[in-house]
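**Student:** Pasting a structure here, questions to come.
Just so it is clear, none of the values below were taken in a lab; they were calculated from the coordinates. Worth saying up front: this structure is predicted, and the values here are computed from it rather than measured. Cβ placement follows ideal geometry from the backbone for every residue including glycine, while neighbour counts extend to all protein chains displayed.
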Amino acid sequence: MRNSPSIKQIIFYDYITMNSVISGVFFIGFGVYGYYSDNELYLPLGFSVAALLLLIIIWRLLVVRNLFKNGVEVNATISRVSFYRSRCRVGLEYSYDSNDIETAWITLSNQKTRNLRNMAKVKILINPNKVKQVIVLDVFNLD
């Protein structure tokens, strides 16, 4: 069994989780502002959206942890790497159960993702039940 990344690593490498955390903090602030202001709309709106985002964060943490716990390690080829602002989209091509699969993983742009190049070989983890659900194992430091 491989080591699972910390919650901090998941937040800083996974775009969906980081986006949900930042938006959650914003909407908590929105709710606190509504608590101290006279506007009755901001309080329930801010905290209800923050609660929804908390559910998304928990779901995504469970998905990534499940990939590290039950995922299958596969060699893949990077078909494309594109950057837009803080996002990095890594296109992947790999074979699993004699099927050629093409999918993508969206992560945050950092030094490790900027070092990824087209046609490079990387190790990925895939969910055997949902073969397009992947993460690039080479991005995480799991010593």
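**Student:** Check ILE58, ILE22, ILE106, ILE28 and return the single one that is of a type in the set (A, V, I, L, M) and assigned to a strand (DSSP E or B).
**Tutor:** The conditions single out ILE106.
**Student:** Let me ask another. What number of residues within the stretch 82-97 satisfy the criterion of being among the charged types (D, E, K, R) and more than 19 Å from LYS112 (Cα to Cα)?
**Tutor:** Residues meeting the conditions: 2.
**Student:** Looking at the stretch 24-39, can you tell me whether even one residue there is among the aliphatic types (A, V, I, L, M), under 16 Å from the mean Cα position of the chain (by Cα) and surrounded by 16 or more Cβ atoms within 10 Å (Cβ to Cβ)?
**Tutor:** No: zero hits.
**Student:** Now, a different point. Residues in the stretch 82-108 that are within 16 Å of the chain's Cα centre (by Cα) and either closer than 22 Å to PRO128 by Cβ or buried (at least 16 other Cβ atoms within 10 Å of the Cβ) (or both): how many?
**Tutor:** Result for the stretch 82-108: 11.
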